[in-house]
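To start, the structure itself, in structure tokens.
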């Protein structure tokens, strides 16, 4: 039987835009396995099998704006001797419909029915809204 899917929701600290996230990952790419991106987190997901079917959804400036498919989970030892979890991600960043989120620490599970749709699938013939307008609409619960 297949495991149900669950996503992870994470704040993208320091990024002002999806482009900032992409630029940072491009700079870090030489440190990762070819064709992957990574995000290190302290807590290992208890729902590992379900997470491996899902994506990491990025909250940028209080709004979910993008996601990346989770390919694997790897153990990493920090310089402080604490074991951490590397979320190994697909390099492609999928833009999503904007969805406002309040700040939180760490990461959270995100059920598939709560996850915003990809922009390409949501409206394949429309161009993305300018980021400021998309974020303002998300604050009012408009998609």
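General observations
- Descending by average beta-carbon neighbour count within 10 Å, the peptides 69-75, 7-13 line up as 7-13, 69-75, the highest first.
- Ranking of 102, 33 by neighbouring Cβ atoms within 10 Å, starting from the fewest: 102, 33.
- Listing 28, 5 from fewest to most neighbouring C-beta atoms within 10 Å gives 28, 5.
- In summary, the convex hull built on the alpha carbon positions of the range 38-82 has an orientation-averaged projected area of 4.1 nm².
- For 53, 97, 114, order by how many other beta-carbon atoms lie within 10 Å, fewest first: 114, 53, 97
Quick note: the coordinates plus some simple rules give every number you see, no bench work behind them. Please read all numbers here as calculations on a predicted model, not as lab measurements. No Cβ is skipped: glycine too gets one built from the backbone with ideal geometry, and neighbour counts run over all protein chains shown.
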